[in-house]
């Protein structure tokens with residue numbers, strides 16, 4: 001299962017549960033279809049525009065803005081989604097460390113089942 005498929009199912013779960021969250025669309029690689037449709041110049045201009053607007057590398061895929069029911073002292077949950085065969089990047093690890101220091105519960109998941117297990121462990125149902 002691809003990461004975007006995992007993301008869609010996590011989003012559906014959070015929507016049905018009426019949980020306040022967002023997906024951070026910072027996957028610069030996912031803009032490769034833009035590159036093939038409009039060419040290099042428009043692609044690189046779009047990447048630069050996103051950076052100028054504050055898009056950061058490594059921000060976790062899902063930010064839940066409600067305190068996790070099992071960890072009410074935390075500000076929210078930052079969840080990094082990965083397929084079973086992928087690893088987090090240095091930028092992603094830094095974001096998870098920084099958000100932890102800022103009072104967030106942070107988790108990495110590897111595959112859809114693991115993502116749902118992390119959400120359930122945090123108390124989101």
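The values are calculated or read from the model by the stated rules, or taken from the named source; none is laboratory data. As the structure is a prediction and not an experimental result, all values here were calculated from the model. FYI the Cβ positions are ideal-geometry reconstructions off the backbone, even for glycines, and counts take in every protein chain you see.
Tabulated values for the structure
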quantity: The stretch 99-111: number of residues that are out of contact with any strand residue (DSSP E or B) (no Cβ under 9 Å at 6 or more places or on another chain) and either part of a loop (DSSP other than H, G, I, E, B) or surrounded by 13 or more Cβ atoms within 10 Å (Cβ to Cβ) (or both); calculated: 2
quantity: Residues that are buried (at least 18 other Cβ atoms within 10 Å of the Cβ) and not in a helix (DSSP H, G or I), drawn from the stretch 77-93; calculated: 77, 78, 79, 80, 81, 82
quantity: Which listed residue, of 74, 56, is under 13 Å from the mean Cα position of the chain (by Cα), part of a loop (DSSP other than H, G, I, E, B) and over 20 Å from residue 5 (Cβ atoms); calculated: 56
quantity: Set 96, 119: member being part of a helix (DSSP H, G or I), in contact with a strand residue (DSSP E or B) (Cβ under 6 Å, 6 or more places away or on another chain), at pLDDT 95 or above and crowded, with 18+ Cβ neighbours inside 10 Å; calculated: 96
